[in-house]
Each structure stands twice: as structure tokens, then as C-alpha cells.
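Participant: What follows is a structure written as C-alpha cells; I'll ask about it next.
The values are calculated or read from the model by the stated rules, or taken from the named source; none is laboratory data. All values reported here derive from a predicted model rather than from experimental measurement. A quick note on method: Cβ atoms are made from the backbone with ideal geometry, for glycine too, and the neighbour counts reach across all protein chains shown. Please note that ligands, DNA and RNA were not included when accessible areas were found on the heavy atoms of the full protein model with its side chains. Shrake-Rupley method; radii C 1.70, N 1.55, O 1.52, S 1.80 Å.
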Amino acid sequence: MNEVTNENAENNETKKNQEEQKPQSIEATPISSTTRQEPQVGPGKEVSRPVTEQFNKTAYTQEEIEQNQHSWKDFSEENPKPAIHDFPAYFYAGFWIRGFAFLIDLLCIHSITTISLGTIYSLANWPKNTNFFSFYTLASLIIYLGYFILLTKQTNGQTLGKMIFGIRVISFEEERLSWQTVLIREGACRFILKYPLLMLGYLPLIFSRRKQHVGDYLSSTSVVTINTVLAFNKQLRETAK
């Protein structure tokens, strides 16, 4: 009898050891959509908290807060600047009218050069040396560029030829033409486009929507017909009434 009892005890102990050695199953815990964490974007709380606390400690007036919000707006969202002088396509002066205005300007420049340099050379009986680096050629170039630069700046976009045909240079980034824009368009680009082969740079204005040649693209400008703009503004005023 004692042997049977001992055998049963040994069997129970063996089963108990086997159960303890079995790996415990891990129950999967479902993750609900409400508890799912989104990936963090930007600085964490450990970074933003000191900044927020410091901002709250600093005494700002309402005016200072508005100024700071306006200046910091570019860092928080896209804020594209509206284009200045963004006219419809039919407002821009075409190739032929600008070409005729340019011919008038060339006649004016030729007259100024003849009256000034021609008179001086005739009185002094100097030969007109037309080499590229001669005084006569350089002086003629200064008159040529000076005519376009000074008149375009002083009249805000017009030369004598443009005045006759009622057209004006406008900038897409400025209310009035700055010296920088004028020097790029009427100085550097006019100098480049002066020579016969490089005059091909005027051809893009035939195909572009805003009627821009190479100089216009580089200076962000174009030429509009003044009467079209005035008529459009008059129509808007009458419609508003």
C-alpha cells in the first residue's frame, strides 16, 4: 500500500514540474485606433516646453505680438506674394509696335550723337575712328545706353518712341521701376542686344504670353499699351458706380 502511495506522489510531482517548464502563452492585446500613436513631426515636448514657458514669462504688448506673428508667418505657412502689374495677355504691346517705337528711339539717338559728337569732331577736324575701343565708338555707346537708362527711369518706363506709340515698361515685382531694374534692362541687356546677331534675343516676345524678350525675362519686366490699361480702369470705375 505504501508503495502505491509513493508512486502516485512521484507522478504528481513529475506532472507539476512539467507544467512549470511549459512556456506561458502571451495574450495579444489589440491596439485600437484611438490609442495608436502618430509619428512625431517637429520638435518634441522636451524642446517646445522650455520655449513656451520662456515666451509666457516675457511680457509682450499686443502690438508686439501682432508684429511678431506677422514676421514669423513666413516660417509657419506658405504665403506667396501677389504679382504686381499682372495684366491679361492682350494688355501687352506686341512685336511691331515696339519695333516702330525702337526705330523712333534710334533716330533720336542718331540725332543726339550727330549734334554732339559730330559737331565736336567737325569743328576739331578729327577723323571719326569707328573701331570698337575708339573714343568715338565709346562715346556713341554711352549716348545710346544713357538715352534708354535716363529716360526710362525719369519717366517710369517710357522713351520718346514709347511716348509716341503710347506704350510703357512695367515691372512685375515693383510699383515703380528701380535703378536696379532699369540698369539691368536698359543697360546690360540693351548693350547685349545692340549687336546684329544677338538681336535674335528680341524674338521671344513674339511667342511669349507677356510679350517678353530676353531683357524682359532677366529684369522681370514687359511693355503694356497705356490706352488699353486706361480704358480697362475706366470701365471698372463705371461698373463700380
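Participant: Out of the residues in the range 213-232 that are over 16 Å from PHE95 (Cα atoms) and of a type in the set (Ser, Thr, Tyr), state the one that is least open to solvent (accessible area, probe 1.4 Å).
Facilitator: The selected residue is SER219.
Participant: I would also like to ask the following. What is the residue count in the range 148-157 for residues that are open to solvent by 20 Å² or more (accessible area, probe 1.4 Å) and either of a type outside the set (Val, Ile, Thr) or in a helix (DSSP H, G or I) (or both)? Give the steps one after another, and end with the answer.
Facilitator: First pass over the range 148-157, keeping only residues open to solvent by 20 Å² or more (accessible area, probe 1.4 Å): 149-151, 153-156.
Those left that are additionally either of a type outside the set (Val, Ile, Thr) or in a helix (DSSP H, G or I) (or both): 149-151, 153-154, 156.
So the count comes out to 6.
Participant: Any idea how many residues of the range 161-184 are surrounded by fewer than 19 Cβ atoms within 10 Å (Cβ to Cβ) and β-branched (Val, Ile, Thr)?
Facilitator: Of the residues in the range 161-184, 2 are surrounded by fewer than 19 Cβ atoms within 10 Å (Cβ to Cβ) and β-branched (Val, Ile, Thr).
Participant: Being in contact with a helix residue (DSSP H, G or I) (Cβ under 6 Å, 6 or more places away or on another chain) and part of a helix (DSSP H, G or I) is the requirement here; does VAL182 meet it? Don't jump to the end; show me each part of the working.
Facilitator: Values: in contact with a helix residue (DSSP H, G or I) (Cβ under 6 Å, 6 or more places away or on another chain): yes; part of a helix (DSSP H, G or I): yes.
Spelling it out, VAL182 is indeed in contact with a helix residue (DSSP H, G or I) (Cβ under 6 Å, 6 or more places away or on another chain) and part of a helix (DSSP H, G or I).
Participant: Looking only at the range 113-144, how many residues end up being within 21 Å of ALA188 (Cα to Cα) and open to solvent by less than 80 Å² (accessible area, probe 1.4 Å)?
Facilitator: Going through the range 113-144, the residues within 21 Å of ALA188 (Cα to Cα) turn out to be 113, 131-144.
Pick out the ones that are also open to solvent by less than 80 Å² (accessible area, probe 1.4 Å) and you get 113, 134, 136-141, 143-144.
Of the residues in the range 113-144, 10 are within 21 Å of ALA188 (Cα to Cα) and open to solvent by less than 80 Å² (accessible area, probe 1.4 Å).
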